[in-house]
Each structure stands twice: as C-alpha cells, then as structure tokens.
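Student: What follows is a single structure, and I will ask about it in a moment.
Where a number appears in this text, it was derived from the coordinates with a stated rule and is not lab data. Everything quoted here is computed from the prediction, not taken from an experiment. As a convention, Cβ positions derive from the backbone with ideal geometry for all residues, glycine included, and neighbour counts pool all protein chains shown.
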Amino acid sequence: MIAVRPRRLRRSQVMRELVAEHRIGIEHLVQPLFVVERDEDAGPIESMPGISRLTLDATVAEARELFALGIKSVLLFGIPAYKDAVASSSYDLNGIVQRAIRAVKRELPEMLVMADLCGCEYTDHGHCGILDSEGEVDNDATLELLCRIALTYADAGADVVAPSDMMDGRVKAIRSSLDGHGRTSVAIMAYSAKYASAFYGPFRDAAGSLPRQGDRRGYQMDAPNSREALREIALDIAQGADIVMVKPGLPYLDVVRAARDRFDVPIAVYNVSGEYAMLQAAIANGWLDGDRAIDEILTSFVRAGADIVITYFAKTYARRHG
Ligand code: PBG
C-alpha cells in the first residue's frame, strides 16, 4: 500500500505557493473612503482605528496614495453638512460626494470611482429613504430619490453607483433612469444581500447615520435567511445589476459561496466596519497577530468565491503585499 501523504505539499513556502488554490489580487480590493463636507467633521473614527473622515483635499491625496499602492478602486461615502427629512443634500450637483467624484476623477482619471447610493447619511431621521405618514420607509418614494442621486453621481463622473438601501425594484428604476439620460456606461453594483447587522455599528458612528427611531429590519435582510439572499440576488441580476454584493462578509460566507455557485456575474463581498473594528481591537490588545489574521480573513472571502472584496484593510494589505 502506498501511503498518501498530503504533508509533502506543505513542506516549504515555495511548494505551498505552487499548490495554492486561491490568492488575493490587490486589483480586486476596494477601499471605502468617508468624505466630509465640513472641515471640522474630519478626523479619526474612534471605533475604526486607522480610518479617518477626510476633507475633500485629503480624499484626493488618499486616492493618489492608494492608486500608487495598486488599490485602483474606491467606494465613496459622504458626510454632509446638512440633513433633512428628504435627504435633499444627497442629490445636490454640488454635494460632497458629487464634488469628491469630480475631484478624484480629475486628478486620477484611471481610478475607478464607486459611490454608495443611499439616503441614510443625508436624512435627519437616519433611515435609508423617504418616510411615509406612519414613519415607515416608503419604497416607491425612495426609488425616485435613488434615481435622482444616481444621475448626479453619473453626472459627476462615477464609474459605478452602489445602491445600499434595499428597496424593492431599485436596480430596475436606477438602470432605466441612467439609460434614459444616456448614462448607459455607468455600472450598478447592487448591495443585493444586505443583512440587518450589528456589524455596521462603527460605520454609523463614522457617518452619523444611526436611525433616530427604530431600526433597519423592515428593509434589510434577516440573518437566518440564505435562500432569500439568492432570491434577492436573482432579482437584482434580472433588473440589470452588473455586480451583486453580499454584506457583511464574515458572518455570511455561506451566502457568498451559494451565490458563487449559482450566478455568473461578479460577486462582491463587503468586509464591514464592525468586522474591521473587532479585528483591530484584538490586534491592538496583542491578542492576534494582525498581519496574519488580516491575510487569513481576506483569503476567506476569495475562497468563498468573491471576485471583489470591499475592505477597510485594502490599503494596509497593499502596503504589505503590493
Ligand atoms: C448605507 C450603508 C451602510 C453601510 C454601507 N452603506 C450602513 C447601514 O446600512 O447602516 C455599512 C458599511 C460598514 O459597516 O462598513 N446604507
């Protein structure tokens, strides 16, 4: 009997690399950036060590640094000076995200600029869309809002718009609206399977977007459901999504895998703020070897089948491996 000895393939670094089934390419990583309208809102985010809210100038400088490191895609989030019930600063042609898109594209035309499309950073009540008289998010009124925002992002030069609101029918509405205005080349990356998650906590500190009342469970997905995630993804693809996303990442790797097995479109995974925070907290305490833990987690996304990984670790990863 010949003994099968899998350990033969693990003996050296070169051998391990030779037989590695997956690898992270920095060209697949996306760095999220928070851009503030008022300079006084800039500065470090306490619950996300290493990540800051950036002024417009700092955003351009950061984009330049990222590009030089090989991170050529960014996802922009705006922190506006003014909020109201209908998120009016979200579709201002001169709004903070619109200005940031223009500034980054002017400076770095090859940088791929994605912009998050949602009302929650712009509404005074903190929900992702327009509320009806009962205080619930009104799906169809919100679709109009999303289309308006999308057009201003396209106008500013965004390559990708990324609706993260979880309204029904938004991809179709946004696609028709973009196409109707000749913006056929702007891609849609849909937050298709976006769960109502505790792991968005630090993001909501960063963006000041915690709902004043209630929570997002009426529109974001419920943790126990994975078949429903596949239904959501199928709907978004049918409506014209170019890229679909699963979010958060670590607690939903099974959904990433299931989506990969079922669909052919590019799949993105969002390694969210709370996943970043919990890892950074353990690293800061000396409880985990940071570099190894980060690499292992980013590898898990690729192994699960994600093509695109949106992560606050993109820059540090590129610094070490670029
Ligand atoms: C906007 C949006 C959120 C995130 C991305 N887009 C917050 C939310 O839904 O509450 C979370 C990102 C993160 O936690 O890193 N709707």
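Student: If we count every other residue with Cβ under 14 angstrom of Arg227's Cβ, Lys/Arg +1 and Asp/Glu -1, where does the sum land?
Tutor: With Lys, Arg at +1 and Asp, Glu at -1, the neighbours total -2.
Student: At a temperature of 37 °C and a viscosity of 0.692 mPa s, determine how fast segment 175-315 diffuses translationally according to Stokes-Einstein, using the Kirkwood radius over alpha-carbon pairs as Rh; express D in µm²/s, rounded to the nearest whole number.
Tutor: For the chosen part, D equals 202 µm²/s.
Student: Measure off 7 Å from each Cα along the Cα-to-Cβ vector at Asp264 and Ala68, then give the distance between these two points in nanometres to one decimal.
Tutor: It is 4.2 nm.
Student: What is the distance in Å between the Cα centres of segment 224-286 and segment 1-80?
Tutor: Their Cα centres are 16 Å away from one another.
Student: Here's a follow-up. Would you kindly give the portion of the calculated P(r) for segment 248-308 that falls above 17 Å, as a percent of all Cα pairs?
Tutor: 41 percent
Student: Additional query: If r is the Cβ-Cβ distance from Glu107 to Arg11 and R0 is 41 Å, what FRET efficiency results, to the nearest 0.05?
Tutor: After rounding to 0.05, the efficiency reads 0.30.
Student: Using only the alpha-carbon atoms of segment 49-132, report the extent along each of the three principal axes, biggest first, to the nearest angstrom.
Tutor: Principal axes ranked by extent give 46, 30, 18 Å for the Cα atoms.
Student: A further question on this structure: Tally Lys and Arg at +1 and Asp and Glu at -1 over the other residues with C-beta under 12 Å from the C-beta of Val256: what net charge comes out?
Tutor: +2
Student: Could you work out how much longer the chain between Arg231 and Ala58 gets when fully extended? Use 0.36 nm per residue separation minus the Cα distance between them, nm to one decimal.
Tutor: Between Arg231 and Ala58, full extension yields an extra 58.3 nm.
Student: Right, another one. Going by amide H atoms built from the backbone, whose H comes under 5 Å of the H on Met221, apart from near neighbours?
Tutor: Those qualifying (amide H under 5 Å, at least 5 residues apart or on another chain) are Lys194, Tyr195, Ala196.
Student: Give me the net charge for the shell around Val35: Cβ to Cβ below 13 angstrom, other residues only, Lys and Arg +1, Asp and Glu -1.
Tutor: Neighbourhood net charge equals -3.
Student: Here's another thing I want to ask about it. Give me P(r) over the chain, computed from all C-alpha to C-alpha distances, binned every 10 Å, as integer percentages.
Tutor: Spelled out bin by bin, the chain gives 6, 26, 36, 22, 6, 2, 1, 0 percent.
Student: Counting each DSSP H run of 4 or more residues in the chain as -39500 (n - 2.57), what helix-only mean residue ellipticity at 222 nm follows after dividing by all residues, to the nearest 500 deg cm²/dmol?
Tutor: -12000 deg cm²/dmol
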